[in-house]
1. Need the full-extension length gain, ARG165 to THR387, defined as separation in residues times 0.36 nm minus the C-alpha distance. One decimal, nm.
2. Given segment 2-195, what percent of its DSSP beta bridges are antiparallel, to the nearest 5?
3. For GLU13, GLU53, which order do you get if you count the other beta carbons within 10 Å of each Cβ and list the fewest first?
4. Rank ASN394, LEU279, ASN296 by how far each Cα sits towards the positive end of the charge dipole of the chain (+1 on Lys, Arg Cβ; -1 on Asp, Glu Cβ) and give me just the farthest.
5. Work through the residues other than SER143 whose Cβ is under 14 Å from its Cβ and net out their charges, Lys, Arg +1 and Asp, Glu -1.
6. Specify the angular offset, from 0 to 90 degrees and rounded to the nearest 10, of the alpha carbon long axis of helix 440-449 from the longest principal axis of the alpha carbons in the chain.
7. For segment 393-407, just list the computed ³J(HN,Hα) in residue order, Karplus coefficients 6.51, -1.76 and 1.60, θ = phi - 60°, integers in Hz, with x standing in for Gly and Pro.
8. Along the charge dipole of the chain, which of ALA117, PRO209, ALA372 sits closest to the positive end, that is, farthest toward it, with unit charges on the beta carbon of Lys, Arg, Asp and Glu (+1, +1, -1, -1)?
Amino acid sequence: MILLCSNGLTSQELLREAKKYGKAAGKAALVVTADPEYKEKNYHVPRGIKELEFLGLSVDIFDFDTQPAGQLPAYDVVVLMGGNPYYLLHSIREHHGEAALRAVAEKGLLIGWSAGALVLGPTIALIDLYHPQLNFLHLTDLSGLGFTEVQVMPHCNKEDPEKAREYQRETGGKVVFLKDGEGVLLEEAPRKIEPRLGVSVAGVEFLNPLIAASGTFGFGREYSEFYPLSVLGGISCKGTTIKERPGNPPPRVTEAPGGMLNAVGLQNPGVDHFIKEDLPWLSKQGTRIIANVAGNAPEDYCATVEKLNGTSVDMIELNISCPNVKQGGVQFGTTCEGVYGITSEVRKHCKKPLLVKLSPNVTDISEMAVAAESAGADAVSLINTLTGMRIDINTRRPILHNNTGGFSGPALLPIALRMVWQTSQKVKIPIVGLGGISTWQDAVEMLLAGATALQIGTVLFTDPYAPIKIAQGLSRYMDENGIQGLSELTGGVKPW
C-alpha cells in the first residue's frame, strides 16, 4: 500500500489510515536521504518519529547513502520524508533502491510526503516550476519512480497553484493538489484523504477544532511525551508578557467541586524568551500556534504583539482578564469601554489575526464581544475562568494565597454554553468556545451553541489524551448523523 501526503501524518485522518495498514507493534524506517545537508538534523525528523511511534511502531533512521537498500523490505512501514526531491530521486537510483521500495509497498506500507510523494509518482518536473534551485545535481531525467501515475502538488496552500494549473494544461496530466494534512491512498483506485474535522477561524486553517487552552498546556513540551502535537488543531500558549513574571506565591492551585481554582499569576519567561527558546521548537510540531498575550497597561500588550508580528505565530489571543494598573486595577475586560479600548489599541500594532479572550465576570458578555468586534477583533474566545474562592476551615484562611482565583473545569460548561449562544446572536466574527469541555458530547454542544473552534483546558490535567478522544468521538458523531463538515454544527441549536 502507498500513501502520499503533503507534510507527514499531520491529521487525525492520515494517522487513522496509516494505522490500518501499518502492522501493530511493527518496525518503521524513516528515510532521511532527501535532505543532503542536514540528514538527521532535519527538524522534521523528531516529529516524524513521534508520529510513527504514536502508531505503535518502533522507528529506525535510514539513509540510502550509507545503508544497503536491501534492508528496507524487513520493515513494515517505510517513510520517504520531505526535503530535496532531486537529491532523493538521484540517491534512490544511485543505490538501486527502487526494487526494495516496491517490495515494501507490496507487503506493507510505503509513505511518501512532500519530496517523497513527488518521487514516487511519474515525474518530479512539477517542482522545477517552483524550486529549480534545488536541482544542484543538474539532473536532466526528471522521471519519477513511477510507482503511481498520481501526480501530487504538496503544500498547495503555501505555493502559487496557477503554475501547477498551467502545467496541467500543457501536459494534459492531472495534478492532485494537497494541503498539509491531506493525502492520497493508492488502493484499487486513488482515494483522497481530507481532514473532515478541519475548521477556519479568521482565515487560519485548523486541521481539527481542538486547541489546547492557554495556561493548561505550557508550551507543549511536556504533552509531546504523550503524543505528536500535530494531532491537535492548535496550541494556545501559556500567557506571555513583555517581561518575565514569577507569578503569585503558593499555594496557587486547589481542587474544587466540579473543577479547580488557580491563581498562578501569569508566571512566564517573557516574550523574548518565548521567541528565542520555545517558538522555534513549537514551529516544528505541525500544529497551529496561538500566542496568548497579557499585560497591565496598553503599551505592554502593544509592545509584546509587535515583537510577535514577525514570527511564525499563526494568531494572537488577547487575554484581557488582566488588571489595568492605569485604571486602578480594574480588568480590561469588565466594561465595554475597556474591551474596546485595549482591542482597538492592540489592533493598530497587530499584524496577525487577533482573537480576544473574554471574561465571564461581567454583566453581559455578548456586549463585550460586540465591543471587541467593533474595535477590530477577528474572533473572540469565551469563556475565561470565573472568579472563585475556597477556605480552609481549620486555619480560616483562603486556600489560595491570592485569596481568590479562576475557577475552571466541567462545572463551567452550562455557563459557557449559555454565554457562547448569547454571543453568537450578536457578532458575525467566529467564536472559539471554551469552558468545561471534557467529552465529545460537550464539544458537540459547544459547536451547536455557536462555536467554530474549541479550546480544551482543565480536563488535560486528568486526561492528557482528552483531545484525541474528543476528536474520535466527533468523527463518529459525524458518520452516524451524515455530517460532512463541522460548520454544519456551528450555531445549529434549535431554541424553544
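No lab work stands behind these numbers, since they all come straight from the coordinates. None of these values were measured; they are calculated from a predicted model. FYI the Cβ positions are ideal-geometry reconstructions off the backbone, even for glycines, and counts take in every protein chain you see.
1. Values: separation 222, 0.36 × 222 = 79.92 nm, distance 5.53 nm.
In short, 74.4 nm is gained.
2. Details: 8 of 28 bridges.
About 30 percent, rounded to the nearest 5.
3. Working: GLU13 22, GLU53 14.
Exposure proxy ranking, most exposed first: GLU53, GLU13.
4. Going by the Cα projections, it comes out as ASN394.
5. Working: positive: ARG93; negative: GLU98, ASP128, ASP141, GLU149.
Taking every other residue near SER143 into account, the sum is -3.
6. Its long axis makes an angle of about 70 degrees.
7. Values, residue by residue: 6, 7, 8, 6, 9, x, 5, 7, 4, 7, 6, 10, x, x, 8 Hz.
8. The Cα lying farthest towards the positive end belongs to ALA372.
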